[in-house]
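Every number here is computed from the coordinates shown, using simple stated rules; none is lab data. From a predicted model like this one, the values you see are computed outputs, not experimental measurements. Ideal geometry is used to build each Cβ from the backbone, glycine not excepted, and the neighbour counts take in all protein chains shown.
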Amino acid sequence: MSLPRAYVEHVAIRVPDVDHHVDFFRQVLGLAIRDEQPADGARPRQVWVLGSVQLIEDPNFVGPEGRLAHLGIMVDDYDGVLARATAWGAKALPAGPNWLELPGGLNVEILQASAGAVEAVLAINPRA
């Protein structure tokens, strides 16, 4: 049996001011906004920046503890990963079956990658 292949597609973090952080990613690193979800009363404003960062606005957030919301992980075997995660002890969260809480409390979002996408990303050598 071969192991599945995966990569972290995004890291979601809570910040008190999304616009301030978006400006940093844009002006300092040249990373543009990929997607944006306005606040709607039930959900906070969220912005996805190219380069795997999701910013979740939380004006009441004041410290480093609790900043990480979840890891978004692209996989090449969605159903297999969910089955193995459940057997391993991960619990599905109310957001859906692909939202899991690992023992210890880390939340992950499992996303099915398109054919060949995981291999293409893993073939990149960031140190080359």
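With +1 on each Lys and Arg Cβ and -1 on each Asp and Glu Cβ, how big is the dipole of the chain about its Cα centre, in debye rounded to the nearest 20?
With Lys and Arg at +1 and Asp and Glu at -1, about 260 debye.
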Task: 222 nm mean residue ellipticity, helices alone, for the chain (DSSP H n ≥ 4; -39,500 (n - 2.57); rounded to 500) - done: -6000 deg cm²/dmol
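Defining a contact as two alpha carbons under 8 Å apart and six or more residues distant in sequence, what relative contact order in percent does the chain show?
In percent, rounded to a whole number, it is 27.
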Open item on the list: Between 0 and 90 degrees, rounded to the nearest ten: what's the tilt of helix 18-27 against the longest Cα principal axis of the chain?
Closed with: 80
Task: Kirkwood Rh, Cα atoms: Rg over Rh of the range 2-99 - done: 1.03
- [ ] Excluding D58 itself, calculate the net charge of residues whose Cβ lies under 11 Å from the Cβ of D58, where each Lys or Arg counts +1 and each Asp or Glu counts -1.
- [x] +1
Task: Label-point separation in nm, V121 to F61, each point 7 Å along Cα→Cβ - done: 2.0
Open item on the list: Per 0.36 nm of contour for each residue apart, how much would the distance between L50 and H20 grow if the chain were fully extended, relative to their Cα-Cα spacing?
Closed with: 9.2 nm
Task: Within the range 37-128, trypsin sites (Lys or Arg not before Pro) in DSSP loop having at most 12 other beta-carbon neighbours inside 10 Å - done: R127
Task: Amide H contacts of D17 (H built 1.01 Å from N, under 5 Å, at least 5 apart or other chain) - done: D58
- [ ] Work through the residues other than W48 whose Cβ is under 15 Å from its Cβ and net out their charges, Lys, Arg +1 and Asp, Glu -1.
- [x] -1
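Round to the nearest 0.05 the FRET efficiency obtained for L3 and L102 when R0 = 22 Å and r is the Cβ-Cβ distance. Walk me through the numbers on the way to the answer.
Numbers: r = 18 Å, r/R0 = 0.80.
Here the calculated transfer efficiency is 0.80.
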Open item on the list: How tilted is helix 78-88 with respect to the longest principal axis of the chain? Cα atoms for both, answer in degrees (0 to 90, nearest 10).
Closed with: 90
